[in-house]
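The values are calculated or read from the model by the stated rules, or taken from the named source; none is laboratory data. None of the values given here were measured: they were computed from a predicted structure. Positions of Cβ are generated from backbone atoms using ideal geometry, with glycine treated the same way; all protein chains shown enter the neighbour counts.
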Amino acid sequence: MTVSLVRVEIEAPFCWIVLNSPSTMNALSMPLLEELEDAVRQVAANPEVRCVIVTGEGKAFSAGGDLAGFKSDIDAQQYNRFLARLEYAQAVFNLVESLPMPVIAAVNGVAVAGGLELLLCCDILYAADTARIGDGHAKYGVIPAGGSSVRLPARVSPGWASEMLFSGSLYPAETLRERGLINRVVPQAELYDAVRELARTLCQRSPRGLVVMKQLLRQSRGGPVSQGLRAEIGAFASYAKSEDFREGLAAFAEKRDPVFGGK
């Protein structure tokens, strides 16, 4: 029986996307990336999913790209095939980042190189206290191609982004929490319970409201404040007509918890 390299587990109203190749430390091979693409598209098309959790099976979140495959392409002078691998990985990561609902990463272990780049496509990062995280490319004379040179400086200071990229070192999760990359560090045994609790909280909020907020956050990145403020008003022009907005105001007036439908 063929074992899926990526599992989708529905725990309504949220779901898990699990990288499931523990024997390779969830290395981002082409077959795994293809299954990850399918999983992300499946989740994006499911109207019942209000939040997504991404994690890895076994001791690693992901050890990154398939360097053996890279070497094979370069040794055979298949440069176009090599670049196609990189472009495909970028496209899959972009799909993760563009999911409309909140995406939480549960960093269960090592996340390095492409593993870090996948994390950077998630909105909120929770990590086990045993996790070790870093860019790693420089250690083997590789440069980023999955987005860390672009997304990492948006999460940490330029100096820390430079150190992480140039050194290729792995850092304890707590260090990266202090630097602003990780939201919360919890004991290994408590990671999945903590992530479930957060997912349940997010699922109690307006689905439509969270989609709009995520869009605003993405659009405002690096742009002028005035542009972001105009975008907020523009978004509210549409959102003000939604059932969720009316439900929230009614719940406040009636001193009860709102029940959001996402319309």
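Of the residues making up the range 7-30, not one is on the phi > 0 side of the Ramachandran plot and either hydroxyl-bearing (Ser, Thr, Tyr) or outside the structural domain of Phe93 (by TED's automatic domain parsing) (or both). Take Glu190 and tell me if it is at pLDDT 95 or above, farther than 17 Å from Leu125 by Cα, in a helix (DSSP H, G or I) and in the same structural domain as Leu28 (by TED's automatic domain parsing). Spelling it out, it is not the case that Glu190 is at pLDDT 95 or above, farther than 17 Å from Leu125 by Cα, in a helix (DSSP H, G or I) and in the same structural domain as Leu28 (by TED's automatic domain parsing). Cβ-Cβ contacts under 9 Å between residues 6 or more apart (or on different chains), taken from a first residue in the range 62-87 that is β-branched (Val, Ile, Thr) to a second residue that is not in a strand (DSSP E or B), are listed as Ile74/Phe82. Among the residues of the range 214-263, the one identified as on the phi > 0 side of the Ramachandran plot and surrounded by 15 or more Cβ atoms within 10 Å (Cβ to Cβ) is Gly262.
Just the residues that are buried (at least 17 other Cβ atoms within 10 Å of the Cβ) and under 14 Å from Ala106 (Cβ atoms), please, taken from the range 155-193. Of everything in the range 155-193, those that are buried (at least 17 other Cβ atoms within 10 Å of the Cβ) and under 14 Å from Ala106 (Cβ atoms) turn out to be Ala173, Ile182, Val185, Val186, Leu191, Tyr192. Pull up the range 210-254, narrow it to residues that are farther than 25 Å from Pro13 by Cα and basic (Lys, Arg), then point me to the one that is farthest from the chain's Cα centre (by Cα). Within the range 210-254, the match that is farthest from the chain's Cα centre (by Cα) is Arg230.
Check the range 194-213 and report whether any residue there is surrounded by fewer than 16 Cβ atoms within 10 Å (Cβ to Cβ), under 17 Å from Ala111 (Cβ atoms) and at pLDDT 95 or above. So far as the range 194-213 goes, no, none of its residues is surrounded by fewer than 16 Cβ atoms within 10 Å (Cβ to Cβ), under 17 Å from Ala111 (Cβ atoms) and at pLDDT 95 or above. Can you confirm whether the range 113-132 contains a residue that is within 16 Å of Leu32 (Cα to Cα), in a helix (DSSP H, G or I) and touching a Lys or Arg at 6+ places or on another chain (Cβ under 8 Å)? There is at least one residue in the range 113-132 that is within 16 Å of Leu32 (Cα to Cα), in a helix (DSSP H, G or I) and touching a Lys or Arg at 6+ places or on another chain (Cβ under 8 Å).
Once the range 20-40 is narrowed to residues that are touching a helix residue (DSSP H, G or I) at 6+ places or on another chain (Cβ under 7 Å) and not polar (S, T, N, Q), the residue that is surrounded by the fewest Cβ atoms within 10 Å (Cβ to Cβ) is Met30.
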